[in-house]
Structure formats: structure tokens, C-alpha cells
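The values are calculated or read from the model by the stated rules, or taken from the named source; none is laboratory data. For clarity, every value in this text was computed on a predicted model and none was experimentally measured. Methodologically, a virtual Cβ is constructed for each residue, glycine included, from the backbone with ideal geometry; neighbour enumeration extends over all protein chains shown.
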Amino acid sequence: TTALCNLDSIPLFTETSRVCYPPVDDTSDLLYRHETDNSPWTESPYCTYSRSSGIIEKFCIYSSSIFNQNAGISIIATPEAAASLADAVRNPLPAWRNEDHLARRGQLTSEQEANLPYKTVSMAGKGKGVIATRHIAQFDPIMVSFPAMVVDDEFFTREQRNQPVDSRGLFQRALLQLEDQERFLSLATTGRGHGVHIVEDIIRTNAFGLTVLGREMKGLYPEIARLNHGCDPNAFPQYKSRDMSMTAVATRDIQPGEEITISYLPMGLPTRHRLRSLENWGFNCSCTLCSSAPEVLEVSDRRRDRLAHVYRAIRQPTITYEDLVQLTGELLQLVHSERLEPRFSEYFHLAAGLLFQFRDYHRALELTELSLKYSETFSDPEGAFCAGLRKDITFLKELLRDDDLDK
Ligand SMILES: C[S@@+](CC[C@H](N)C(=O)[O-])C[C@H]1O[C@@H](n2cnc3c(N)ncnc32)[C@H](O)[C@@H]1O
């Protein structure tokens, strides 16, 4: 019994190799399960109910102790969301560079260890951090990490929650069911006061937001979590739904000894917004950009404000073709000067769609191809967005060919 795939991403050529799992919970009849055990979970799901916006929903803890070379994983999610992650839990792709936690356990040869392009070190005023040990080229993957925990946002402390669920109990159980607890517990905390469970503190300080079956979740990737924040970062985290991996990809060339950083905030915010948003992590921003000379900051802020303006302007329904071409050129330049391709390349596709409406298929194709280049490097290459871009490219190429034949 293979269930219909119910995944966020659109599997392309790889579709046939995917097995999809039906949702299981604490009451599932074994007969209806995919297999006669809880596979890929190594513990029986432990379930609870939560009332959110008047709807009562079931959430369970799903754990696999063998995931990621026995580092383990615990997931707190609805049975449907967990089922959509099950294939990734069963078959993570070869962790060709996921060697950091193995190094810590003495499972790497010294040659393998010497081959890592980075090392984790103590850094003044920042706790730990990661520095490059050799030259890393732009667009190269730096490190790959698999999650130790994935938790539905429903379980985090919120003000004004009428009926709090027993998040603490669930967090505790999720932790205890984790094979390598030290990998999790050694991470940075922010100390959020009484009542906040250590698991919640660690997740809030270190995790990434993920969307699984339309639900907002947090994914904790212990190796990537050692990367400190930079406002002009040299790396970007790329999530792949196929195996739930997070890869830090170099956004530019990185020199040996340079710290590897990612942005904790959406890239492209001007200084005033950055400083406010960073308060959540409880540190003063001392990154290269924030500590630049006022003139440098001003130029960067002006470009970022202008980028927001251009983005709004190209979406005005009354825009003329000439203005659209001019503003699209400016958009590309601004994104490039501020090195914001990882986040803003999807806007290239937006501009492409508008140019398409003016029947400028050549420019539309150019921009869609550019958008795909960056999206494949920095977002999920098997995700719905990249799949849509590829379809658009094929379509535009056919249109242009037909146009040529007509001439
Ligand atoms: C995801 S962790 C990064 C790794 C962390 N430094 C560690 O020792 O594990 C986030 C925490 O690191 C520290 N941090 C990250 N970026 C920083 C920065 N640019 N300056 C100072 N502290 C920073 C803050 O304490 C923050 O709460």
C-alpha cells in the first residue's frame, strides 16, 4: 500500500524513487500502515491534542534514532506533516559533507577532517563561530546539515494563549528520544526567562523557519547553527525538501581565515530595521556592514530603500513598457551591488512575467533563466518554484521558436 504523495515540493524526474507514507498516529491500526511497524520511526508516535483558532488538532512526536548516521531526529507535527517528511527521514542522501558531528565523535579520519573547508572555533564576543580553512568558491556548498528537531510553531510560547498545550512535556520527550542529545544541548541559548524550556530556547536561538504542508515549523540544524549572523553574509542556507538537508552555500568567494556568516534576517533590510529585528537574539550588531563608516551605510541603505521602491513601482498596473525595462535593469543592478541574489532573484521572475505581458519574450526568457540559476543554487532545486521556472523557460523557448518560424 503506497499512499499518494502529499508533498510540498513537486518531485521531477525522481518521482518514481519516492515512497509516500500514510499518516500514522498513536491509534493507527497496524493493518493500514505502510509496513507492519512504525517505519521510518523507531519509536511509537506519542500524541496530544491542541486547540488552535478554535480547531482541535492532533500532534505527535515522531523520532528516528538511526536518522543521519545515528544522530537521530525528533519531529513534533501533525500526522500528515510527519508523513510528508517520512521519505526524507528514511532516505537522506549521502551526507557527503555532513561530517562535522562525526568529527566530534571521533568518527572521521584525519584526512577527512583536514578536507573540511571550515572549522568551528571560539570567537571573541560571539561564542562559537565558523571560519573557512581554505578558499571557497562562490556558489560552492560549504557544509550540509540534517535536522535534529523539527517542531510545529504551534508549540512555542505565545503571549495571550488561552489554552496552553503541554509544550514543556513534549519538548522534554522529543529531547529524550533524540539519540545524540549532546549535539542539541551544546548549542547556544538566549536565556528567555523562567518557564521557557531549554529545548524551546535552543530552537528559538538557532532554528530556521520551514513550511511543511502549509504549516509553519522550525527546523534545528546543529552544524549550520554555529554560523553567526552577518548583515552582508558570505553564505546562504539552502533547504532541500527531498532529504530535509540544509546546505550553507557560498554567496561569494571566501578566503581562508574569513568567518562564514549567514543573515538571520531577511536579506536586504536597511540598517534601522536590521538593528530592531536583531534584538530577538540579544546581541549588538557588530557585523562588517553595521560597523562600516556612516557614508558607506548611507549608500547601502539608500540602495535598499530604492530596491523596495523599484519593486513596488514595477508592479503598478499603469506601468509603461519603457519604464518596466528601465526599472528591471535598475532592479538587477541594485540586487547585484548589494549582493542580494539569494533572496531577490525570485523578483527577476516577477519582472519576467510583466515583460511577458508586453510580449517581450526575449527579455522574459533572459530573466527567467537568471532567476532559475540563482533559485537552483540558493533554494530548493526540486521545489515548486524551480519547477515552475523550468516550465516557463520551455514555454518561452517554444514561443520564440514559433515566432522565428513565422518570420
Ligand atoms: C545560531 S547561534 C550562532 C552560534 C553561536 N555563536 C554559538 O556559540 O553556538 C546565535 C547566537 O550567536 C551569537 N551571535 C550570532 N551572531 C552574532 C554576531 N554577529 N555578533 C555577536 N554575537 C552573535 C548570539 O549570541 C546569538 O544568539
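Scan SER345, SER291 and give me the residue that is within 16 Å of the ligand (Cβ to nearest atom), modelled with pLDDT under 95 and either surrounded by fewer than 18 Cβ atoms within 10 Å (Cβ to Cβ) or not assigned by TED's automatic domain parsing to the domain that holds ASP232 (or both).
None of the others qualify; the one that does is SER291.
Step by step: first the residues of the stretch 246-287, then only those that are among the polar types (S, T, N, Q) and within 21 Å of SER345 (Cα to Cα), then the one that is nearest to the ligand (Cβ to nearest atom). Which residue is that? Outline the logic, then answer.
Here is the first cut: in the stretch 246-287, the residues among the polar types (S, T, N, Q) are 247, 251, 255, 261, 263, 271, 277, 280, 284, 286.
Narrowing the set further to residues that are within 21 Å of SER345 (Cα to Cα) leaves 247, 251, 261, 263.
Working: THR247: 16, THR251: 16, THR261: 7, SER263: 10 Å.
So the residue we want is THR261.
State the number of residues belonging to the stretch 103-137 that are modelled with pLDDT of 85 or more and either β-branched (Val, Ile, Thr) or within 14 Å of the ligand (Cβ to nearest atom) (or both).
Residues that pass the stated criteria total 16.
Return the residue satisfying two criteria in turn: it lies in the stretch 107-148 and is in contact with a helix residue (DSSP H, G or I) (Cβ under 6 Å, 6 or more places away or on another chain) and in contact (Cβ under 8 Å) with a residue 12 or more places away in the chain, and of such residues it is surrounded by the most Cβ atoms within 10 Å (Cβ to Cβ).
Once the filter is applied, the top-ranked residue is ALA148.
Say whether the condition of being crowded, with 21+ Cβ neighbours inside 10 Å and within 13 Å of ALA207 (Cα to Cα) is met by at least one residue in the stretch 247-261.
Within the stretch 247-261, none of the residues are crowded, with 21+ Cβ neighbours inside 10 Å and within 13 Å of ALA207 (Cα to Cα).
Assess whether LEU187 counts as being touching a Ser or Thr at 6+ places or on another chain (Cβ under 9 Å), over 24 Å from PRO117 (Cβ atoms) and part of a loop (DSSP other than H, G, I, E, B).
Judged against the criteria, LEU187 is not a match.
From the list PHE236, PHE155, PHE171, which residue is away from the ligand (no atom under 12 Å from the Cβ), within 16 Å of VAL130 (Cα to Cα) and touching a helix residue (DSSP H, G or I) at 6+ places or on another chain (Cβ under 6 Å)?
Values: PHE155 fails: within 16 Å of VAL130 (Cα to Cα); PHE171 fails: within 16 Å of VAL130 (Cα to Cα).
Going through PHE236, PHE155, PHE171 in turn, the sole match is PHE236.
Can you list residue pairs whose Cβ atoms sit under 6 Å apart, with the first residue in the stretch 280-292 being over 15 Å from MET123 (Cβ atoms) and the second being near the ligand (Cβ under 7 Å from one of its atoms) and part of a loop (DSSP other than H, G, I, E, B)? Count only pairs 6 or more apart in sequence or on different chains.
Sorted first by the residue in the stretch 280-292, then by its partner, the pairs are GLY282/THR190.
Kindly check whether there is at least one residue in the stretch 192-207 that is among the polar types (S, T, N, Q), at pLDDT below 95, within 12 Å of the ligand (Cβ to nearest atom) and not in a helix (DSSP H, G or I).
no
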